[in-house]
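Nothing in this text is a laboratory measurement; each read-out follows from the coordinates by a stated rule. Given the structure is predicted, the values throughout are model-derived calculations rather than measurements. Cβ atoms come from the backbone with ideal geometry, glycine included; neighbour counts cover every protein chain shown.
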Amino acid sequence: MTSDIPVLDAGDYFLAMAASEGYGYDLVSNLKLQKLVYYAQGFHLAIYNEPLFDGVIEAWNYGPVSPVLYYAKEKEGKDPLKPRAGYSSEMFSKNQRQLLDEVYEVYGQFSAWRLRDMVYSEPPWLNSDRGGIISHHDLKAYFETQIEKDSGCLTG
């Protein structure tokens, strides 16, 4: 299973959302961004049985990380993260945008460190070797348990 959407676009979606809240770009660090894309990928796999974006998520010491996204945003150093110039959310379907919006609504309220603590208790990260890939299978299996069956809503 692959996706045509780059992980950088999924990350930029969250950064654009944070900026649109009127607080500027200082809300989302690289650490927090990694957790948001992890949740988005997991829920997308659970709901649609396919990945939201391309690339892997690895189990690093501070939680799940997309190496491609991490190294792209690492270049910004300690500066607030911003979406790439020319970014557009048009590549996302209506369903994908709704899922990304819901992930941001449920998980975007938490600090980067709170999100890190949350993923530390979740099986996809717990059951993976540090530095190893967190499989789509493991993400899907866990996140299926995090969806309210009657409403299809994320349980957060």
| task | Specify which labelled value, from (1) 35, 34, 28; (2) 54, 48, 25; (3) 41, 31, 29, agrees with Cα extents along the principal axes in Å derived from the coordinates of the model shown. | result | (1)
| query | Are there chymotrypsin sites (Phe, Trp or Tyr not before Pro) in the range 96-150 that DSSP puts in a loop and that have at most 16 other Cβ atoms within 10 Å, and which ones? | reply | Phe110
| In deg cm²/dmol, rounded to 500, what helix-only [θ] at 222 nm does the chain give when every DSSP H run of at least 4 residues adds -39500 (n - 2.57) and the total is split over its residues? | -14500 deg cm²/dmol
| note | With the charge dipole of the range 1-127 built from beta-carbon charges (+1 for Lys and Arg, -1 for Asp and Glu) about the Cα centre, the Cα from Ser111, Ile47, Pro6 projecting farthest to the positive end belongs to Ser111
| remark: Ranking Gly77, Ile133, Ser29 by how far each Cα lies towards the positive end of the charge dipole of the chain (+1 on Lys and Arg Cβ, -1 on Asp and Glu Cβ), the top one is Gly77
